[in-house]
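Read the structure below first, then the notes.
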Amino acid sequence: LACRQASIQPWEVGLLVERGEVRRTLPPGRHTVGFRLLGMGHNRRRLARVRTDSFALPLRLNRLGSETEEPVDGLSQATATVAEPVALYRSTASGRWRLTSHQLGAIATANVRAIADQIAGQDGVEALLYEPSASDAFTERVAELLEQQLKERGVLLADAHPFVFRPSRETDELLEEALALQRELEQPQQADWDGVRKRAHQFGQRALELEM
């Protein structure tokens with residue numbers, strides 16, 4: 001009899017999965033997770049790992065608004081933790097053997113766009129650009145609906161920063177600048193390097209402003 005060992009890190013929990021069902025949860029530490037009977041094959045249990053520490057949820061909304069409105073882009077960030085790893089695995093992660101912070105963020109924010117469209121369809125988006133109270137109310141409603149959906153998956157929403165909104169055309173202009181710089185860099189013999197450095201600095205400043 002040969003045993004298979006695995007170490008569960010302090011920031012994660014292990015789930016022993018057999019035929020798609022979670023049979024046991026494993027706390028941090030070293031555990032026996034499988035065995036092989038010499039000459040007779042091995043058991044079919046697999047180990048899935050789920051992070052349980054806090055992780056960031058980047059909330060990006062591109063071109064929010066109806067066809068009759070000037071579209072806006074929104075940027076925010078929330079923080080969440082996995083409270084019930086088994087519930088998360090069963091609801092969204094079945095078949096995955098390691099859930100990283102990035103994957104958790106993608107799973108948790110999958111429905112943010114639908115939530116935002118629902119709210120924007122009711123209230124419009126123009127006020128989001130010019131009225132802080134409208135932006136705060138939007139963030140509060142997104143967080144409330146997101147919290148409900150995450151709880152069903154075993155994830156707790158810890159906090160959500162207020163959304164910062166910009167006209168989508170500013171993002172489009174920034175993208176055009178980036179493409180123009182890239183085209184110049186692809187032809188170094190023809191590039192005006194002093195001009196490129198100046199525009200690259202300006203581009204970096206504008207990108208930071210859009211992220212703030």
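Each reported figure results from applying straightforward, stated rules to the coordinates on display, with no laboratory input. Predicted model, so just to flag it, every value in this text is computed and none were measured. Quick reminder, even Gly has a Cβ in these numbers, built from the backbone with ideal geometry, and neighbours come from all protein chains shown.
Near the amide H of Thr52, within less than 5 Å, lie the amide hydrogens of Glu12, Val13, all on another chain or at least 5 residues away, with H placed in the peptide plane. Each residue of region 137-145 is assigned a 3J(HN,Hα), and the resulting list reads 5, 4, 4, 4, 6, 4, 4, 5, 6 Hz, derived from the Karplus form 6.51 cos²θ - 1.76 cosθ + 1.60 (θ = phi - 60°), x at Gly and Pro.
Taking 17 Å as the cut-off, the amide N atoms of region 124-139 that come nearer than this to a point 7 Å along the Cα-to-beta-carbon line of Asp159 belong to 136, 139. Backbone geometry of region 53-66 corresponds, through the Karplus equation with coefficients 6.51, -1.76 and 1.60 at θ = phi - 60°, to 3J(HN,Hα) couplings of 7, 5, 9, 8, 10, x, 10, 10, 10, 9, 6, 7, x, 7 Hz, x marking Gly and Pro.
Taking amide H atoms as placed 1.01 Å from N in the peptide plane, the amide H of Val33 lies under 5 Å from those of Arg4, Gln5, Ala6, each 5 or more residues away in sequence or on another chain.
Database remark: amide H of Gln77 closer than 5 angstrom to the amide H of Leu59, His161 (H placed geometrically; neighbours at sequence offset of 5 or more, or on other chains; Pro and chain starts carry no H).
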